[in-house]
Each structure stands twice: as C-alpha cells, then as structure tokens.
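Following: one structure in structure tokens, then a few remarks.
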Amino acid sequence: MNNTLKNVAATTAAAAIVLAALPAFASTPAFSLAKPNSGMSVDSFDQQVQVFNRQNVADLLHARSVSVVKFDTAWNDGGDAGKAFDALNASDQSIHLLREALKADPAAMKLLARNHVAVDQVIDIAPTGNGSVQLYIS
C-alpha cells in the first residue's frame, strides 16, 4: 500500500511538472505581414543588418509577435530604398552568419517553416521591444 501511494505521488508530481512546462513550449509568436513602408529608419537598418548578433535568434524564438517586413517594400522613399539596398549589399557576411545560426537551431527552423519563411529569405531579425521583432525577408 505504501509503495502504491509513493508511485501515485511520483506520477502526479511528474504530470504537474509537464503541465507547468506546456505553456512555454506551446506558445509561439504570432506572425503578421508588415504594411509596405514600415521598415525601421534606414540608418538603423544599416547598423542592424551589418552586425550579426546571435541573440537575435533567441529574440525571434521568444517573441510574442513577429512583423514580417518584405525588403522590397520596406521603404517608400527612393533615396531610403537605395541606402537600404547598399546596406544589404555590404552585409553579406552578417546575413550568412544569421542564416547559419538559424539553420543550426531546430526550433528556429520549425518556427520559420510553420510560418512559410525559407531561411534563405531571412535578411535580418530586429528586436523592437516588448516581445516584438521585425523579421526582414527578401
């Protein structure tokens, strides 16, 4: 009888631990397509895209919301679009490192696939605060 109670208590404790962890595993960020001309300032984009920051992958995985920004419609002003294109061209190495970090993270790959984003489309991940990120794609 004593062993039966111990087994029930152990099973109950294990179930409670699993149930407590479920929200962390079950919560995924809400992805939405950003409106055209909603890119960050070009000067900020230039600084952001040229530096690989591994933390951005974690920011994506732990985000509450992800705004998907298409690079070709992120800036309306011709001058800004040209500057952004120049920044993109100067950032091959950091973009490559970001994509490799995403490929190395199974959770990130699942998240992107679930939201129909190919890793080779990813240009940058920019945290915007309050659990939100902008995901720049080509």
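Before moving on, here are some points about what is shown:
- In sequence order, calculated HN-Hα J values of segment 73-82 (Karplus, 6.51, -1.76, 1.60; Hz; x Gly/Pro): 10, 6, 10, 8, 5, x, x, 5, 4, x
- Our note on the geometry: Cα centres of segment 103-117 and segment 43-73, 15 Å apart.
- Nearest-10 value in Å² for the accessible area of ASP92, using the 1.4 Å probe: 110
- Residues of segment 41-80 with amide N under 16 Å of a point placed 7 Å along Cα→Cβ from GLN93: 47-54
- For the pair SER38 and ARG64, the difference between a 0.36 nm per residue extended length and the Cα-Cα distance amounts to 7.5 nm.
- Placing unit charges on the Cβ atoms only, positive for Lys and Arg and negative for Asp and Glu, gives segment 51-129 a dipole magnitude near 400 debye about its Cα centre.
- Accessible area of segment 75-121 divided out per residue, in Å², using a probe of 1.4 angstrom: 58
The values are calculated or read from the model by the stated rules, or taken from the named source; none is laboratory data. Bear in mind that the values here come from a model prediction, so they are computed numbers and not experimental data. Cβ: placed from backbone, ideal geometry, glycine included. Neighbour counts: every protein chain shown. Surface accessibility is based on the protein's heavy atoms, side chains included, excluding ligands, DNA and RNA. Shrake-Rupley method; radii C 1.70, N 1.55, O 1.52, S 1.80 Å.
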